[in-house]
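The values are calculated or read from the model by the stated rules, or taken from the named source; none is laboratory data. Just so you know, these numbers come straight off a predicted model, no measurement behind them. Backbone-built Cβ (ideal geometry, glycine too); neighbour counts: all protein chains shown. Each accessible area value is taken on the protein alone, full model and side chains, heavy atoms only, with ligands, DNA and RNA left out. Shrake-Rupley method; radii C 1.70, N 1.55, O 1.52, S 1.80 Å.
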Amino acid sequence: MNERIIELTEINPNDFFGAQNSTITQLKTFFPKIKIVARGNKLKIFGEPELLNEFEKRLEMLIKYFNRYNKLDENSIERILTSTGKEEEIRKSGKAKDVLVHGVSGKLIKAQTANQRKMVELMQKNDMLFAVGPAGTGKTYTAVALAVKALKEKEVKRIILTRPAVESGENLGFLPGDLKEKLDPYMQPLYDALRDMIPHEKLESHLEKGVIQIAPLAFMRGRTLDNAFVILDEAQNTTHAQMKMFLTRMGMHAKFIITGDPGQIDLPRRQVSGLKESLLALKDIEGIAQVYLDDKDVIRHRLVKKIISAYKSIETE
């Protein structure tokens, strides 16, 4: 009798094996001639080589499904274990039309408004997209969902999320802590979106290995960003030089999304926003698209939409 050890990486074994090891129970039912022993994140299996090969193949299919949808249930396991092994059969469950990512705890992440759906459509046809609009319109969240989708489907090898470290005139030097501790609060909205879409262990692993990188804009200088989905958030706070530097980092097989709100510029007075310049300069270039979100796209508290409208009336007077 042959023995093999399979180690589960970047997966929480408690979630994958299920309550009272329900996944293992189903595997034992399907493979009665294989002895299966689960210890932590390792499976020890005993049996004939041909059966062990088939077991590993089915287990890999279960792992792919779990990585895509962040959950496993009895019906899904049965369907995968009895399928012909084709990739499209693994994807059948939960393939709703507008779903971008199956998030943590089975949360469906999808484009919720007309302009968010337009973001998705334009990103399928272009390599660079400017998504512009007020707070709460889902620009950043939708952009991160598109990036996670591209990573899961192996269209890119990494995700890079960046922001200019300029906020309301505050000075990083006066904040406590090391550089990472100083910068993390500026990057928090990006972390929040990722935590909705990628399980904790996998996200931590991706961050540790550099598969997902979150860094201030200054750290992009001198790099060539290829095979990557890159998001520049809060782009209204870039200068002319910063925006030009960022846009020219684009490498082969890369996708860029630039998000920003021209109504919330925190740059010093008389400093022109790099976002406003680029929207004008690049509007007619093929392969670069622009989408403008507005208060109809606001998906936060109902008062946010009214607040945006109220300020709009003041700012246009």
(request) Over the chain, with every protein chain in place, what whole percent of the accessible area is carbon and sulfur at 1.4 Å, could you tell me? (result) 50
(message) I'd like to check one number: the per residue accessible area of the chain, probe 1.4 Å, reported in Å² as a whole number.
(response) 54
(message) Filter K149/K305; K42/K255; K57/K139; K57/K149; K157/K283; K64/K283 down to the pairs with a C-alpha to C-alpha distance above 31 Å, please.
(response) K42/K255; K57/K139; K64/K283
(request) Mind listing the long-range amide H neighbours of V230? Cut-off is under 5 Å, sequence gap 5 or more, other chains count too, H placed in the peptide plane at 1.01 Å from N. (result) I160, K255, F256, I257
(request) Give me the percent of DSSP beta bridges within the chain that run antiparallel, rounded to the nearest 5. (result) 35
(message) Using a Gaussian network model on the chain with a 10 Å cutoff between Cα atoms, which of Q20, Q116, Q188 fluctuates the most?
(response) Q20
(request) For the chain, give the magnitude of the charge dipole about the Cα centre (Cβ charges: +1 Lys/Arg, -1 Asp/Glu; no others), in debye to the nearest 20. (result) 380
(message) If DNA, RNA and ligands are ignored and the probe is 1.4 Å, what is the ranking of R249, R58, R270 by accessible area, most exposed first?
(response) R270, R249, R58
(request) Note the angle between two axes, namely the Cα long axis of helix 114-125 and the longest principal axis of the Cα atoms of the chain, as a number of degrees from 0 to 90, rounded to the nearest 10. (result) 70
(message) What do you get for the angle between helix 179-197 and the principal long axis of the chain? Use alpha-carbon atoms, 0 to 90 degrees, nearest ten.
(response) 60
(request) Using a 1.4 Å probe and ignoring any ligands, DNA or RNA, find the accessible area of F16 and quote it in Å² to the nearest 10. (result) 0
(message) Please report the accessible area of K44 (heavy atoms, 1.4 Å probe, ligands and nucleic acids excluded) in Å², nearest 10.
(response) 80
(request) List, in order, the whole-Hz ³J(HN,Hα) value for each residue of the range 216-230 obtained from phi through the Karplus relation with A = 6.51, B = -1.76, C = 1.60 and θ = phi - 60°; use x for Gly and Pro. (result) x, 4, 4, 6, 7, 4, x, 8, 10, 9, 10, 6, 9, 9, 10
(request) Give the calculated FRET efficiency between A135 and V272 to the nearest 0.05, with a Förster radius of 22 Å applied to their Cβ-Cβ distance. (result) 0.50
(message) Restricting to DSSP H runs of at least four residues, report the calculated mean residue ellipticity at 222 nm for the chain, -39500 (n - 2.57) per run over all residues, nearest 500 deg cm²/dmol.
(response) -12500 deg cm²/dmol
(message) Tell me the relative contact order for the chain as a rounded percent, counting alpha carbon contacts under 8 Å between residues six or more apart.
(response) 19
(request) Work the Kirkwood hydrodynamic radius out for the chain: mean of 1/r over every pair of different alpha-carbon atoms, inverted, in Å. (result) 21.8
(message) Whole-Hz ³J(HN,Hα) for each residue in the range 29-42, computed from phi via Karplus 6.51 cos²θ - 1.76 cosθ + 1.60 with θ = phi - 60°, x for glycine and proline: what do you get?
(response) 5, 6, 10, x, 8, 10, 8, 10, 10, 9, 9, x, 9, 10
(message) For the range 187-273, take N as its residue count and report Rg(C-alpha) divided by 2.2 N^0.38 Å.
(response) 1.19
